[in-house]
1. Of all residues in segment 206-219, how many are in contact with an Asp or Glu (Cβ under 9 Å, 6 or more places away or on another chain) and either modelled with pLDDT under 85 or buried (at least 22 other Cβ atoms within 10 Å of the Cβ) (or both)?
2. Kindly evaluate Gly137 against the criterion of being of a type outside the set (Lys, Arg), more than 17 Å from the chain's Cα centre (by Cα) and at pLDDT 85 or above.
3. Output the residues belonging to segment 222-244 that are of a type in the set (Val, Ile, Thr), farther than 30 Å from Ala64 by Cα and at pLDDT 80 or above.
4. Please specify each residue of segment 151-175 satisfying the condition of being assigned to a loop (DSSP other than H, G, I, E, B) and under 21 Å from the mean Cα position of the chain (by Cα).
5. Residues that are in contact (Cβ under 8 Å) with a residue 40 or more places away in the chain and not assigned by TED's automatic domain parsing to the domain that holds Thr39: find the strands (runs of 3 or more DSSP E) completely inside segment 219-302 holding 3 or more of those.
6. List pairs: first residue in segment 19-35 and assigned by TED's automatic domain parsing to the domain that holds Gly50 and touching a residue at least 60 places away in the same chain (Cβ under 8 Å), second residue surrounded by fewer than 16 Cβ atoms within 10 Å (Cβ to Cβ) and among the small types (Gly, Ala, Ser) anywhere in the structure, Cβ distance under 9 angstrom, at least six positions apart or on different chains.
7. Out of the residues in segment 122-132 meeting the condition of being touching a helix residue (DSSP H, G or I) at 6+ places or on another chain (Cβ under 8 Å) and either farther than 11 Å from Glu181 by Cα or assigned by TED's automatic domain parsing to the domain that holds Arg177 (or both), tell me which one is surrounded by the fewest Cβ atoms within 10 Å (Cβ to Cβ).
8. Please determine, by comparing only the residues of segment 74-90 that are in contact (Cβ under 8 Å) with a residue 40 or more places away in the chain and over 13 Å from Leu197 (Cβ atoms), which one is surrounded by the fewest Cβ atoms within 10 Å (Cβ to Cβ).
Amino acid sequence: MSIWRNMVAAVSAEALRKRYPGSETPALGGFDLSVPPGTVHGLLGPNGAGKTTAVRILTTLLRADGGHAAIDGFDVATQAPDVRRRIGLVGQYAAVDEILDGRRNLVMFGRLFHLSRADAHRRADELLARFGLADTGRRPVGAYSGGMRRRLDLAVSMILAPAVLFLDEPTTGLDPRGRAEVWDAVRALVAGGTTVLLTTQYLDEADQLADRISVLAASGNAGGHVVAEGTPDELRSRIGGDRIDLVVRHAADLPRAAALVARVAGTGAEVDEATRRVAAPVRERMEALTAVVHGLRHEGIDAEDLTVRRPTLDEVFLQLTGAEVAA
């Protein structure tokens, strides 16, 4: 059975293709996706990988050149009105009126969504409470912090309680506190049964929120399709599992330290002379750590730091896409 006919998936796509006029490279060159209900799925990829194009097609804002996509089993091309009733979309920039207060913003959008006046006011109060904005609901949005504005944006997207919420880089430009506020709000939505498709330039954001991640490529004719998909831990395991990191106190000890780590790891060691760091993948983390500690003592090498860690999503991203991580 093809992915797009799988009625269980909240979001599904099979072989989506899109090429913009005048472009030699497809924006999407066979994009596949299947997102179970009540989960967060992250889309990662360098600029030009097709993330925004995929979201625009899935939200009925753009027609694909080929392939199929569905939301809760409704085809995005032939059943667009049904799809729109089931989705919410939060873009990169706040879409609320900064002159109005939070409550009036929600009431206004509720009326635009054809709620009665009474229902719009009731829903506004419910959402202000749900997103931790009840005490600020009558303050002008222009006086809100960045995190509060994004939470209000999320509240607007939830007026009709959509089954699927699309978040396009929801924390761009926010400080750490604002990002944490938005993350908490997203987790609360998912706990309530909402499915979230997240595009982000922040790899730690995907690590924090996503149950599964799809990594998109953007290179020539191979652009616009998924090159890897899995949980964050599954993606990390693709580049070698645990890694040992050793920082020596004296640069002169780097050659001996590299030889030691290479012997323990049974493979070549990476050396960064600027930071006096030696690193290598290892299979048995505790055995490797113990062996390196004993080796340092035996060789008389002074260490400033010694850790065993999982690869970061940044490292996974770089290896899978060959791209610079966007900040």
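The values are calculated or read from the model by the stated rules, or taken from the named source; none is laboratory data. Note that the structure is a prediction, hence the values are computed from the model and not measured. Neighbour counts run over all protein chains shown; Cβ positions are idealised from the backbone, glycine included.
1. Taking segment 206-219 first, the residues in contact with an Asp or Glu (Cβ under 9 Å, 6 or more places away or on another chain) are 212-215.
From what is left, the residues that are either modelled with pLDDT under 85 or buried (at least 22 other Cβ atoms within 10 Å of the Cβ) (or both) are 213-215.
Of the residues in that region, 3 qualify.
2. Details: of a type outside the set (Lys, Arg): yes; more than 17 Å from the chain's Cα centre (by Cα): yes; at pLDDT 85 or above: no.
For Gly137, the condition - of a type outside the set (Lys, Arg), more than 17 Å from the chain's Cα centre (by Cα) and at pLDDT 85 or above - is not met.
3. Residues of segment 222-244 of a type in the set (Val, Ile, Thr): 226-227, 231, 239, 244.
Keeping just the survivors that are farther than 30 Å from Ala64 by Cα gives 239, 244.
Within segment 222-244, just Ile244 meets the criteria.
4. Within segment 151-175, Met158, Pro162, Ala163, Glu169, Pro170, Thr171, Thr172, Gly173, Leu174, Asp175 meet the criteria.
5. It comes to 243-248.
6. Pairs that qualify, where the first residue is assigned by TED's automatic domain parsing to the domain that holds Gly50 and touching a residue at least 60 places away in the same chain (Cβ under 8 Å) and the partner is surrounded by fewer than 16 Cβ atoms within 10 Å (Cβ to Cβ) and among the small types (Gly, Ala, Ser), are Thr25/Ser219; Thr25/Gly220; Gly29/Ala222; Gly30/Gly66.
7. Residues of segment 122-132 touching a helix residue (DSSP H, G or I) at 6+ places or on another chain (Cβ under 8 Å): 123-125, 127-128, 130-132.
Filter once more, so that each one left must be either farther than 11 Å from Glu181 by Cα or assigned by TED's automatic domain parsing to the domain that holds Arg177 (or both): 123-125, 127-128, 130.
Values: Arg123: 21, Ala124: 24, Asp125: 15, Leu127: 26, Leu128: 21, Arg130: 17.
Restricting to residues being touching a helix residue (DSSP H, G or I) at 6+ places or on another chain (Cβ under 8 Å) and either farther than 11 Å from Glu181 by Cα or assigned by TED's automatic domain parsing to the domain that holds Arg177 (or both), the top hit is Asp125.
8. Keep residues of segment 74-90 that are in contact (Cβ under 8 Å) with a residue 40 or more places away in the chain, which gives 75, 85-90.
Next cut, over 13 Å from Leu197 (Cβ atoms) only: 75, 85.
On the way: Asp75: 15, Arg85: 13.
Here the answer is Arg85.
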